[in-house]
There are 2 protein chains.
Amino acid sequence: MSLLSLNSYAAGRWIAPAGKTVRLKSAVSGAEIAELGSGGVDFQAMAAHARQVGGPALRRMTFHDRAFMLKALAQHLNERREALYELSYETGATRADSQIDIDGGIGTLFVYASKGRREMPDDTVYVDGALEPLSRSGGFVGQHVATPLTGVAVHINAFNFPVWGMLEKLAPTLLAGMPAIVKPASQTAWLTEACFRMMVESELLPEGAVQLVAGSAGDLLDRLTGQDVVSFTGSAATAAMLRGNRHLIAQSVRFVAEQDSLNASILGPDATPGSAEFDAFVREVHREMTAKAGQKCTAIRRILVPDAHREAVVEAVAERLRKTVVGNPRSESVRMGALASLAQRDDVMARVAELAGEARQVFGNGDGFSVADADARAGAFVPPMLFVADDPDGAERLHAVEAFGPVATVMGYRDLDHALALANRGGGSLVASVFTRDPQVARQAVLGAGAHHGRLYFANRDTGKEATGHGSPLPHMVHGGPGRAGGGEELGGIRGVMHYMQRTAVQASPDLVAGITRRWVPGAATLEKDTHPFRLAFGALEIGHTLWTGERQVSLDDIEHFARFTGDTFYAHMDEAAAAANPFFPGRVAHGYLILSFAAGLFVDPEPGPVLANYGLDNLRFMEPVSPGDTLKVRLTAKHKTRRNEEYGEVRWDVGVYNQDGKQVAGYELLTMNAM
Amino acid sequence: MSLLSLNSYAAGRWIAPAGKTVRLKSAVSGAEIAELGSGGVDFQAMAAHARQVGGPALRRMTFHDRAFMLKALAQHLNERREALYELSYETGATRADSQIDIDGGIGTLFVYASKGRREMPDDTVYVDGALEPLSRSGGFVGQHVATPLTGVAVHINAFNFPVWGMLEKLAPTLLAGMPAIVKPASQTAWLTEACFRMMVESELLPEGAVQLVAGSAGDLLDRLTGQDVVSFTGSAATAAMLRGNRHLIAQSVRFVAEQDSLNASILGPDATPGSAEFDAFVREVHREMTAKAGQKCTAIRRILVPDAHREAVVEAVAERLRKTVVGNPRSESVRMGALASLAQRDDVMARVAELAGEARQVFGNGDGFSVADADARAGAFVPPMLFVADDPDGAERLHAVEAFGPVATVMGYRDLDHALALANRGGGSLVASVFTRDPQVARQAVLGAGAHHGRLYFANRDTGKEATGHGSPLPHMVHGGPGRAGGGEELGGIRGVMHYMQRTAVQASPDLVAGITRRWVPGAATLEKDTHPFRLAFGALEIGHTLWTGERQVSLDDIEHFARFTGDTFYAHMDEAAAAANPFFPGRVAHGYLILSFAAGLFVDPEPGPVLANYGLDNLRFMEPVSPGDTLKVRLTAKHKTRRNEEYGEVRWDVGVYNQDGKQVAGYELLTMNAM
């Protein structure tokens, strides 16, 4: 392989290594593989390009436009995975490791593409939470909305996931409508640069949406303001240095951190040797120790097991470790590759020495392990190393020192509370897992350890093969943890998108809230027209278009007829004395479903037209009883429209049913599918 | 008034001033009024007391228990307001000012008490967001939950709202289940201490839930960990110092900041002199300049008006200022009292001198204004001061220097984009207001300025008297802003509670998620019993209790009969050819409401019993068409229970309607009210 020259991509140009350059080496062979250096980059111009070109272009798109863009990007990368796998081997990763990194990153794009279309509007203003009534008569209301920050997101990524690390931050950032500058860790930057290059070459992203710093970030952070975001993944020491940056503090720059974590996995008190849970636990511990050679911020570092089963667990895990072939990740027999660099190997061994003072090593002597198909000294190889702590309560470093490699310690516990207390000794973790089938154990774990963990993962025979793994952050769920883990939150669906938007509390009249959100809200103006709204195509229907129907009286005969027809002979409809004894009714009342059905009879326009189907109904509340002799009348108002495809879109209608006194007896939102 | 000795309240004991004490003076007369000093406080013991006594006691309560506690506390304080008003005069506040502070604080408790019961469960685990399907078959799912942090919340408050400042932070903290240590600003601490004393004497809060530091916070911050929170309101300089604290950074202590803000108010392009909006704008500007003598972090500092109306605005505001009597806040004629201290007066005048270089003073010469019923030199009086900027674009300090008193500057703008750009020059604000009746202006303001503002307040003739005011943070809406405003968020309903809880992503089998959240979820075990679930009292009904009904065939006659009876003769039910042409239907289909009605006929138990009423329905989706000849069958599962009062509670049922092939044709959540 000839030496790769890793370019930065700044203000629309590729910039070759310059200034103080660094040579990167293969983790497997030690051969020089790439060179990088950001001496030629003008960071002020880079930030300005993001703010003046990338941001405005992204903000002109709706959330759905951006979601489609992410989907196309995911498809583009998906077709080019093989080239990335090739480059990934040199980071020490096996094919399976690369799938976590590369396929995992692409999968994150797909999930955000899907969530963007399902959970965000086809608009440029995001509506956050419910309308808040702020006045008695409803003439003044509150609505939280969110709009993209107008600055740039700086993503500072760790070396262990060169692709996933970039894409899991880019997906929510771009969906929010914010441009990003990606600063990968140098050690494995050739893989990030290759994937980044594919994105640029796809021409799927608007100019300025993404830029890359291959090398040091220079003075970039000193260029940031309160409209910018720094999202960091890496060590606690680096995080502390960045957080303490006076300029970032003075400007209240948003800072999201995901740092060290001494994650625990707990074998539940109910999971005895021989149980499916015990076996799943052993498999998972082994997998987490060896996947990515243990270089995962979510890897299991502390293995908490009932005292009685400690030796059984040690033996079962060691048995699996014995069969794990370490070596050249290109070899088919190899299950665990190399650490990312020789420096990383030195660091892991130094940390292991620290741990050794508090635990006995029961597997993986650093000297004299065998390495398949590679030079053990030239590549960054270490064996998996398993420790046992005899005094986990007295230990300090076992709960505080992270050896970022295939290293874990088994600790015995007395009872579940003890196990949770030990898990919490990590001082805040990204994840803890519990292998249990007992819902009470699960609830106790949430109440006893939830505050200390960003994620709690439960596995057992029921989750079986569908379980996604202790160590896999999913785009749907938040990734981050309190305290030692950095206190940040990434991903978590739309929650992760909000880090790149400003939430704004809007207080206004209903008319203005409707204008801002493009949703009709109660109290806003209605448009009454000659045309029945069901006769208007999706595009022609205006928000606020309202139909007031004719009236229909509800007779006692109607109620009795409906009861006999449907079989719903609930006493409140059939028995005057019993109904009157009920705290909510004056006497016999109409069925709620009769009210709904008569309402539909009043507003439905029967002939074929743009309305294709009533496909659902939300937030139905019966507000007042309807007695025999009452007369109903219905208001149907177009509330919100969401395009679904080229043929049709969803229309949400606000429906109010009123009695002869003008009192609302029922309210709901009706969903129809309307042709374009 | 004899000298008040302000005590700290630490670890269950009142502790008199000790060590380096400070004497506080009346803002009105300059007389010494109180003494404080926290030299006798053991901060480590205080933090330990919160963690070991207050936290566990609060966490044993459900969210509803805590909400009832807040309501009782609000009622207790509400009855004792008069005593607080008396003490408030000496801070320089008029009666109207005190109402903002005292009644506003009590009102915040009431709102959180109400939201806690309506929006949080009667449980100790909060369910955050929707269930996330994580596997194809549904055997592995995700659910975010939140539990209280196990540390202590340290509230560092500003001098300007001695009561509201304490209560607006305490309400979400206590509702979350977290104990607090309150550290008021010294200048006005006598009022905070009096209100705090009332809370302790009420005996409504568990021991350790609240503690008070009267004086310096000593080494308290160095005692904190990642399970603790610092919530700060005050100057940007102090915030930067605290944020830069190495210990807080190393421990990833959550830090919420609300600091300086150069808030703008914009007279909309549509709001010409003589319009209701123009008049409302002038009234609001005057009110915001003079309420609390301008000592509000949300006060209007920059008055943005169309160039053409600049002089009209200046004249109208000046006219109102001329009529504003400044002086002893106890006097009935007085509309504006004193600043909180002589030091504050010096600070305001120094800032005014800075502004004067960029703007002309058109009202309120610092010398020679008249002060009613007080000694102008002994008290901290200043006149309202109005400036006009002729070059708002060229100005720097006008957009950056906050004179924390009755000081504002009028600036002309060319068009709305120019106005928004000037508003954004504040570098991040708590609030901007726009006086407009045009929904397009409102939307443009959100898209153009939302990213720079935590709140956008719109007022016009429609919001009229119901509008809550530019400067009033409401507990329902977030309070905070990006950049210069500190980047924090407080309040905002349950959002504000989340600052004191840890969000945890739970991944598990449906059974375990049901056990953790006490809500049945699809895929979780169901309990089938001999008893119809409608025959069980609220307390006896178990989550997961499931009824499978008998079957009912839907005939073409049923459909036609239903159509005639209800009047819903939509073609999809009546016309085979037209229905078949619809993309969603195979031919004529049953009405959705017919399916709902038949489902109720199948599951309803007619005789009087614990089920009192069906009061609503959520998330109804029709999943498959039902054709003539299809047979329906219903599953009714108790999903969640919420006690409402001593007599009854709400039961949420998960309902599935299935056809003869076992395919689900409809799904919804049914709400009933069930007797205890």
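Using θ = phi - 60° and the Karplus curve 6.51 cos²θ - 1.76 cosθ + 1.60, what whole-Hz ³J(HN,Hα) does each residue of segment B:94-106 get, with Gly and Pro shown as x?
Using θ = phi - 60°, the values come out as 6, 4, 5, 4, 5, 5, 4, 6, 7, 5, x, x, 5 Hz.
What are the ³J(HN,Hα) couplings of segment A:391-406, residue after residue, when phi is run through the Karplus curve with 6.51, -1.76, 1.60 and θ = phi - 60°? Round to Hz, x for glycine and proline.
Running phi through 6.51 cos²θ - 1.76 cosθ + 1.60 with θ = phi - 60° gives 10, x, 5, x, 5, 10, 5, 4, 9, 10, 9, 9, 8, 7, x, x Hz.
Can you check what the Kirkwood hydrodynamic radius comes to for the protein assembly as shown, Cα pairs only, in Å to one decimal?
33.6 Å
If you put +1 on each Lys and Arg Cβ and -1 on each Asp and Glu Cβ, how big is the dipole of the protein assembly as shown around its Cα centre, in Debye rounded to 20?
My answer is approximately 2020 debye.
What is the distance in Å between the Cα centres of segment B:391-431 and segment B:273-326?
Spelled out, the Cα-based centre of one part sits 15 Å from the other.
Restricting attention to segment A:86-181, which trypsin sites (Lys or Arg not before Pro) occupy a DSSP loop and are surrounded by at most 12 other Cβ atoms within 10 Å?
Here the trypsin sites (Lys or Arg not before Pro) that fit, given the DSSP loop and packing criteria, are A:Arg136.
Could you give the length gained on full extension between A:Leu556 and A:Leu3, defined as 0.36 nm per residue of separation minus the Cα-Cα distance, in nm?
190.3 nm
A:Met477: net charge of surrounding residues, Cβ under 9 Å, Lys/Arg +1, Asp/Glu -1, itself excluded?
That works out to 0.
Counting protein heavy atoms only and a 1.4 angstrom probe, how many square angstrom of accessible surface do chains B and A bury in total, to the nearest 100?
That pair hides around 10200 Å² of surface in total.
Determine the percent antiparallel among the DSSP beta bridges restricted to the protein assembly as shown, to the nearest 5.
Restricted to the protein assembly as shown, the bridges split so that about 55 percent are antiparallel.
Collect residues whose amide H, placed 1.01 Å from N in the peptide plane, falls under 5 Å from the amide H of A:Val589; neighbours closer than 5 in sequence don't count.
A:His573
Can you tally the net charge around B:Ala236? Count Lys and Arg as +1, Asp and Glu as -1, for every other residue whose Cβ sits under 12 Å from the Cβ of B:Ala236.
Cβ neighbours under 12 Å give a net charge of -1.
Report, in whole Å, the centroid distance computed from the Cα atoms of segment A:570-590 and segment A:53-126.
57 Å
In a shell of Cβ-Cβ distance under 11 Å around B:Glu284, excluding B:Glu284 itself, what net charge do Lys and Arg (+1) and Asp and Glu (-1) give?
0
Would you please name the GluC sites (Glu not before Pro) within segment B:171-248 that are DSSP coil residues with at most 11 other C-beta atoms within 10 Å of their C-beta?
Passing sites in segment B:171-248 are B:Glu203.
For the protein assembly as shown, what is the mean residue ellipticity at 222 nm derived from helices alone (per DSSP H run of n ≥ 4: -39500 (n - 2.57); sum divided by total residues; nearest 500 deg cm²/dmol)?
Only helices count here, giving -9000 deg cm²/dmol.
Expressed as a whole percentage, what fraction of the accessible surface of segment B:263-473 belongs to carbon and sulfur atoms when a 1.4 Å probe is rolled over the protein heavy atoms?
47 percent
If you keep only loop residues by DSSP, which trypsin sites (Lys or Arg not before Pro) in segment A:311-402 have at most 12 other Cβ atoms within 10 Å of their Cβ?
Sites meeting the loop and neighbour criteria: A:Lys323, A:Arg377.
Would you kindly work out, in nm and rounded to one decimal, the distances from the label point of A:Asp661 to those of the same position in each other copy, ordered shortest first, with label points 7 Å along Cα-to-Cβ?
Listed shortest first, these distances are 5.0 nm.
Taking each label point as 7 Å beyond Cα in the direction of the beta carbon, state the distances from A:Ala16 to the same residue in the other copies, shortest first, in nm.
Values, ascending and in nm: 8.1.
Could you run the Karplus curve 6.51 cos²θ - 1.76 cosθ + 1.60 with θ = phi - 60° over segment A:69-81 and give me ³J(HN,Hα) per residue in whole Hz, x for Gly and Pro?
4, 4, 5, 5, 5, 4, 5, 4, 5, 4, 6, 10, 4
Quick one: length gained pulling A:Glu315 to A:Asp373 fully straight, 0.36 nm per residue minus the C-alpha distance?
18.1 nm
Considering only A:Pro306, A:Gly412, A:Val441, whose Cα is most displaced toward the positive end of the charge dipole of segment A:263-473, charges sitting on Cβ of Lys, Arg (+1) and Asp, Glu (-1)?
A:Val441
Select from B:Val611, B:Met574, B:Val317 the residue farthest towards the positive end of the dipole of chain B; place +1 on Cβ of Lys and Arg, -1 on Cβ of Asp and Glu, and compute about the Cα centre.
Value computed over the given set: B:Val317.
With labels modelled as points extended 7 Å from the Cα through the Cβ direction, what inter-label distance (nm, one decimal) is found for B:Thr631 paired with B:Arg535?
Rounded to a tenth, the inter-label distance reads 2.5 nm.
On average, how much accessible surface per residue is there in segment A:263-473, in Å², for a 1.4 Å probe, leaving out ligands, DNA and RNA?
Value returned for segment A:263-473: 34 Å² of accessible area per residue.
By DSSP, what percent of the beta bridges with both residues in chain A are antiparallel, rounded to the nearest 5?
Around 60 percent antiparallel, to the nearest 5.
Between A:Ala276, B:Ala67, B:Ile33, whose Cα lies farthest towards the positive end of the dipole of the protein assembly as shown when Lys and Arg beta carbons carry +1 and Asp and Glu beta carbons carry -1, centred on the Cα centre?
Value: B:Ile33.
From the cross-link list B:Lys71/B:Lys169; B:Lys25/B:Lys292; B:Lys529/B:Lys641; B:Lys115/B:Lys641; B:Lys71/B:Lys183; B:Lys115/B:Lys296, which pairs have alpha carbons spaced over 20 Å apart?
Over 20 Å apart, Cα to Cα: B:Lys71/B:Lys183; B:Lys115/B:Lys296.
Tell me the distances, shortest first, between A:Glu647 and the same position across the other copies, using label points 7 Å along Cα→Cβ, in nm to one decimal.
Nearest first, the other copies' label points are 5.2 nm away.
Report the charge-dipole magnitude of segment B:263-473 in Debye, nearest 20, computed about the Cα centre from +1 at each Lys and Arg Cβ and -1 at each Asp and Glu Cβ.
Rounded to the nearest 20 debye, it is 560 debye.
Given Cβ point charges of +1 (Lys, Arg) and -1 (Asp, Glu) and nothing else, what value in debye, to the nearest 20, does the dipole of segment A:288-369 about its Cα centre take?
Magnitude of the dipole: close to 300 debye.
At what distance in nm do the modelled label points of A:Arg322 and B:Asp279 sit from each other, each positioned 7 Å from its Cα along Cα→Cβ?
With each label point 7 Å from Cα toward Cβ, the separation is 9.2 nm.
Which cross-chain or sequence-distant (5 or more) residues have an amide H under 5 Å from the amide H of B:Ser135, H modelled 1.01 Å from N in plane?
Amide H to amide H, under 5 Å and 5 or more residues apart or across chains, B:Ser135 pairs with B:Phe140.
What residues have an amide H closer than 5 Å to that of B:Ala217, excluding those fewer than 5 places away on the same chain, when H is modeled at 1.01 Å from N in the peptide plane?
For B:Ala217, whose amide H was placed from the backbone, there are no distant partners under 5 Å.
Anything losing 50 Å² or more of accessible area from the isolated chain to the full protein assembly: pick those residues out of segment A:497-514, probe 1.4 Å, ligands and DNA/RNA ignored.
Residues passing the criterion (a loss of at least 50 Å², heavy atoms only) are A:Gln502, A:Arg503, A:Thr504, A:Ala505, A:Gln507, A:Leu512.
The values are calculated or read from the model by the stated rules, or taken from the named source; none is laboratory data. Since this is a predicted model, take the numbers as computed values, not measurements. Cβ atoms come from the backbone with ideal geometry, glycine included; neighbour counts cover every protein chain shown. Note: areas computed on protein heavy atoms with side chains; ligands, DNA, RNA excluded. Shrake-Rupley method; radii C 1.70, N 1.55, O 1.52, S 1.80 Å.
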